Amino acid sequence: ISMEVYNKNRDKNQGMHDEIREQNAKLKDAPLKDKIAYYKEYYLKATLAILAVAIFIGYIAYTMITAPDDTAFAAYFFNNTGDSSSTELLDSFVEYAGIDTKKHDAYIDASMHYGDAADNMTGYGYVDLEKSMAVIAAKELDVLVGDQSAFDYYCKSEVFSDITTVLPDDLMEQFKDKLYYYTNEETNETLPLGIDVSDAPKLQEYHYYDGITAYFGFIVNSDSVDNAIAFLRYIYEE
């Protein structure tokens, strides 16, 4: 029986090879438009899939290779309304926190997006999701700020610390009425994972979330919790 199956498979494979040779022979002298149509029908999807995987692997490798040895502070702002190219907020915070940028890296990436593009797994939204997860996995992100849609996505991804385990007593008192609670659908556990920072003077000064409710969360594996807390204090400086 096994020999019979082997022979059938061999015959089937041989038939496929013969068909491919026959198609290639027909295409040899075919018009260019026919060759393009044949390529689109049989090879385009596979080529795009392979290309997408190669780009993703290359990006992860690049992120790991180029990641600084010591990041003193890093934050991602999702779906904000401010100038994503401005460094004013970062520059003023670095001075406030006394971070020596000659020895330590610090950055705020305000160009991150979450929404329709990310939901459809196409475009820059998908790239931003992959980028953020890679940086979080590398323990290179401390703070994430976003509107509710973005923040809920990362709550579901379990990347945030319980606020009560991070904030000192004075900040817990200050933000006790601004905590954002999220319920895990699998465990049915409700935890305070964010803080409503829509009224933060520094965010308002730079128009980062005009007319948008913004939530602030501490990344669970952050190596710079002290600076993340300092940043929360700073954005409430008048």
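The values are calculated or read from the model by the stated rules, or taken from the named source; none is laboratory data. Not measured: the values here are computed from a predicted model. Counting neighbours? That spans all protein chains shown, and the Cβs are built from the backbone with ideal geometry, glycine included. Side chains are part of the model used for accessible areas, which takes the heavy atoms of the whole protein and leaves out ligands, DNA and RNA. Shrake-Rupley method; radii C 1.70, N 1.55, O 1.52, S 1.80 Å.
Below are the figures for this structure:
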{"item": "Ranked order, D177, D100, D223 - accessible area, probe 1.4 Å, largest first", "result": "D177, D223, D100"}
{"item": "Subset of K139/K202; K176/K202; K103/K131; K103/K176; K103/K139 violating a 29 Å alpha-carbon distance limit", "result": "K103/K176"}
{"item": "H113 - accessible surface, heavy atoms, 1.4 Å probe, Å² rounded to 10", "result": "80"}
{"item": "5 angstrom amide H check on S111, placed H, neighbours 5+ away", "result": "F77"}
{"item": "Probe 1.4 Å - accessible area at I195, Å² to nearest ten", "result": "0"}
{"item": "Inter-probe distance in nm under a simple model that places probes 7 Å from Cα toward Cβ, at S92 and D177", "result": "2.5"}
{"item": "Label-reachable residues, segment 95-113, where backbone N falls under 16 Å from a point 7 Å from M133's Cα toward its Cβ", "result": "113"}
{"item": "Cα-projected label distance for S84 with K102, points at 7 Å along beta-carbon direction, nm", "result": "3.3"}
{"item": "In Å², nearest 10: area of V94 left accessible to a 1.4 Å probe", "result": "20"}
{"item": "Heavy-atom SASA rank of K102, K202, K131 (probe 1.4 Å, accessible area, largest first)", "result": "K102, K131, K202"}
{"item": "Pairwise FRET efficiency - D162 versus D70, Cβ, R0 = 25 Å, nearest 0.05", "result": "0.40"}
{"item": "Prolate/oblate/rounded label for segment 144-206 (Cα gyration tensor, a/c 1.5)", "result": "oblate"}
{"item": "Shape call, segment 81-206: gyration tensor on alpha carbons, a/c limit 1.5", "result": "oblate"}
